[in-house]
Every structure is written in C-alpha cells, then in structure tokens.
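Working notes, beginning with the structure itself.
The values are calculated or read from the model by the stated rules, or taken from the named source; none is laboratory data. What you see is a predicted model, and the numbers here were worked out from it, not measured in a lab. Please note that ligands, DNA and RNA were not included when accessible areas were found on the heavy atoms of the full protein model with its side chains. Shrake-Rupley method; radii C 1.70, N 1.55, O 1.52, S 1.80 Å.
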Amino acid sequence: MVKAYHSRLNSDDEATRLTAAKAWSKWELTTSKLHMDPESISKAAEDDWANAFARIENHYFINEGFMRQGQLLEKQSIDKIRSIPCVIVQGRYDVVCPATTAYALKKAWPEAELQIVPDAGHSSMEPGTSKRLVEATERFATL
C-alpha cells in the first residue's frame, strides 16, 4: 500500500496527487488520536497541507525511515545513547506505533523510563501524553 500511495503522491497529475494526499492525511489524522479531533482532521482537506504532510511521511515510509530493520534496537545503537536520560512516553491505545514497540525499546534500553499513558493514542498532542512529555522535559532541564 505504501508503494501504491508513493506512486500516486508523486504522479504528474495534480488531481491524482491531491486525491491520494487527502486520503493518506485523513487516515493518519483519524488514527493518531484516541479521541478524534474534527478540527485537526479538517486539515486533511487542505490541498497544500495534505500534499506536504502525506508526501513527507510517505517518503520516510518508502525509505523505511532510512534505517535497517531493527537498527534502533541493536545493542551498538543503544550503547551510543545509553548514558543519556530517557523517558519513553507511549499511548496505551496507539495503533500507529503499538505499545509493544515502546516495550521493545525499554527491554533493549533498561536504563530508560517507560511511561504508558492510559488514555492516549499516538499523538503527542493528546492531553495525557503532552503532560508527561512536559514533565520529562522539565526534569531534564534540571540535570
């Protein structure tokens, strides 16, 4: 599906690009929060916003994040950042990056602190997630 969208998002035909961009953006915006935000979802109907958002995100997906599969969890990768304080903030109902991914990171990096937000999905803009991220940032400011 990512390849099919990549083809459409990079089509020479503007209508094809915009139709694909709006569909991609709407899907992403409707799955990123536990409680859908109609105002946020309405951005998917904006030509320029949807086109930029979908093409950037798809570019990373089609290139697998510019990483090898599993690279972030490899010991040599974790060892490079192991001494840096880290708080992993994960929405319990995240369907984009399920909680198993945060658990895998915690398992590979036991020094990191894992916080599961019970009433959140994927978006950092959800109240519980945003609160935890600000708290972690404030703690880091005192280091």
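Overview of results
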| item | result |
| --- | --- |
| Candidate residues Met1, Met36: accessible-area rank, largest first, probe 1.4 Å | Met1, Met36 |
| Within the chain, helix-based [θ] at 222 nm, where runs of 4 or more DSSP H residues each add -39,500 (n - 2.57), nearest 500 | -16500 deg cm²/dmol |
| Probe 1.4 Å - accessible area at Ile116, Å² to nearest ten | 70 Å² |
| Degrees, to the nearest 10: 99-108 long Cα axis against longest axis of the chain | 40 degrees |
| Between the range 1-32 and the range 77-143, the Cα center-to-center distance that results, in Å | 29 Å |
| Carbon/sulfur fraction of accessible area - the range 93-143, other protein chains in place, 1.4 Å, % | 64 percent |
| On Cα atoms only, tilt of 127-141 relative to the major axis of the chain in degrees | 50 degrees |
| Most mobile of Tyr103, Tyr93, Tyr60 in a GNM of the chain (Cα contacts under 10 Å) | Tyr60 |
| Per-residue SASA entry for Thr137, accessible area with 1.4 Å probe, Å² rounded to 10 | 90 Å² |
| Per residue accessible area of the chain, 1.4 Å probe, in Å² | 66 Å² |
| Accessible-area composition of the range 1-81, carbon plus sulfur, in percent [1.4 Å probe] | 55 percent |
| Whether the range 6-116 is rounded, prolate or oblate, judged on the alpha carbon gyration tensor where a/c under 1.5 counts as rounded | oblate |
